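This report concerns only the one structure given below.
Please treat every number below as a calculation from the coordinates, not as lab data. Nothing here was measured: the structure is a model prediction, and the numbers come from that model. Note that we place each Cβ from the backbone using ideal geometry, even for glycine, and neighbour counts take in every protein chain shown.
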Amino acid sequence: MAKSALLEEVRQAIRLRGYSLRTEKAYLGWIRRYIRFHNLNHPASMGPTEVTAFLSWLANERQVAVNTQKTALNALAFLYHQVLSIQLGELGFNHAKQYRRLPVVLSRLEVSLILSEMRNPYRLIFSILYGSGLQSAYG
């Protein structure tokens, strides 16, 4: 598979600035997705309108989490500012609305129903765990 000159340039810019390997992989992945989204057009031939369209698509169609959209934005901002020397300006895209989902916590009635069905030693273990307040970490 031939390596893209643009992606190699991005990789070099990331390494020059001392970013982590995970950041490098994430940024390169988002830049690839962005290019594919726009039918393999070179980012230099695109601008704020295409970036806005991609970020809005992530929020509206893919329904990504807020932090996922922010990572994609950071990757594209790095590409345009640091590699292509193009200023994007104010984008005005649709922000993702999906936030971190909190787990459902059992009610006291549900816990007592579970305990009534358990036998020792599992009942004792479950009682200790429940009594330690672990369930309150989410509530």
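Restricting the calculation to alpha carbons of the chain gives Rg and Dmax of 23.3, 69 angstrom. The lysines within cross-link reach of LYS3, meaning a Cα-to-Cα straight distance under 26 Å and a gap of 8 or more places when in the same chain, are LYS25.
At 0.36 nm per residue, and after removing the present C-alpha to C-alpha distance, how many nm does the segment from ARG32 to SER127 gain when stretched out fully? Intermediate values should be presented prior to the final figure.
On the way: separation 95, 0.36 × 95 = 34.20 nm, distance 5.03 nm.
Full-extension gain reported as 29.2 nm.
Find the centroid of the Cα atoms in the range 60-133 and in the range 14-38, then give the distance between the two in whole Å. Result: 23 Å between the Cα centres.
Only Cα pairs under 8 Å and 6+ residues apart enter the sum, and on that basis the relative contact order of the chain stands at 23 percent.
Which length gain, in nm to one decimal place, applies between GLU90 and LEU7 when the Cα-Cα distance is subtracted from 0.36 nm times their residue separation?
Working: separation 83, 0.36 × 83 = 29.88 nm, distance 2.47 nm.
My answer for the length gained is 27.4 nm.
If the cut-off is a Cα-Cα distance under 12 Å, which aspartates and glutamates reach LYS70, setting aside same-chain residues fewer than 8 apart in sequence? Excluding near neighbours in sequence, the set is empty.
Given charges of +1 on the Cβ of Lys and Arg and -1 on the Cβ of Asp and Glu, with all other atoms neutral, how large is the dipole of the chain about its Cα centre, in debye to the nearest 20? Don't skip to the answer; put the middle values down first.
Values: 17 positive and 8 negative charges, 76 e Å.
It comes to approximately 360 debye.
Measuring r between the beta carbons of ARG15 and VAL105 and using R0 = 35 Å, the FRET efficiency lands at 0.20.
Could you please rank LEU124, LEU73, placing first whichever residue has the fewest other Cβ atoms within 10 Å of its Cβ?
Working: LEU124 11, LEU73 19.
Lowest count first: LEU124, LEU73.
Each label point was placed 7 Å from the Cα along the Cα-to-Cβ direction; for HIS42 and GLU117 their separation is 6.4 nm.
Could you give the dipole magnitude of the range 15-77 about its Cα centre, charging the beta-carbon of Lys and Arg +1 and that of Asp and Glu -1, in debye to the nearest 20?
300 debye
Axis of helix 108-117 versus longest Cα principal axis of the chain: the two differ by about 60°, to the nearest ten degrees.
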